[in-house]
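S.K.: Can you read through this structure? Questions will come right after.
The values are calculated or read from the model by the stated rules, or taken from the named source; none is laboratory data. If you're wondering where the values come from, they're calculated on a predicted model, not measured in any experiment. Cβ placement follows ideal geometry from the backbone for every residue including glycine, while neighbour counts extend to all protein chains displayed.
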Amino acid sequence: MNLPLAPFVLLASSVRNVRTDDFGTDIALMTAFAGGDERAASVLYDRFASRIYGLGIVMLGNEQTAQDLVQDTFVKLWRTATRYDPERGRLETWVLLSARSLAIDAIRRRVLDARTLEASAPPPGADPSPGPADRAIVVDLTERALRAMACLSPEQRSALELAYFGGRTTAEVAALEGIPQGTAKTRIHAALLRLREAMREEPDREV
């Protein structure tokens, strides 16, 4: 069976026409997705694409790699959909952990690429200055994200951490924070926009 790539790339017009409860349960949704059902792909995209993208912005630091993370995560989810077991945890947690794992792999590849470039470069002699790989590790993208998160208000930071790192739904964030669900959604959205803006303001660094 060929992977139905279209739902992962061109969902803007179709995703709004699919209700998230059409499949009844998450296990039914994932079973349909594993079988190549484009409606199931649309439901999953609507539920998780923006959250995976936000996680990519936080961990990887720019929009293109965040978009790549969304694509790669949905490909991985399709390949592993039959492994989802609701007895072992919620679908939200499973999806976001998959995305986080891919983001960590991407960061590791960057460090490895930097080390490979350093190894192939001419010997630096007695120069004690850090090499590219050392700088890549020190100036890690996670540290950039942490610096950017310091620009958020405590309320925004808490909502963002619950949603993107804790795998919580908007309703759960609202319940945990003791605020209306609309307020929780607004805080998460505002936090993500501010985070992207703060990371863009970070000066370019050599890695």
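S.K.: Going through the range 54-69 one residue at a time, which ones are without any contact (Cβ under 8 Å) to a residue 24 or more places away in the chain and buried (at least 18 other Cβ atoms within 10 Å of the Cβ)?
M.R.: Scanning the range 54-69 gives a single hit, Ala66.
S.K.: If you check Ala163, Ala171, Ala159, which single one turns out to be in contact (Cβ under 8 Å) with a residue 40 or more places away in the chain and outside the structural domain of Met59 (by TED's automatic domain parsing)?
M.R.: One residue alone meets the criteria, Ala163.
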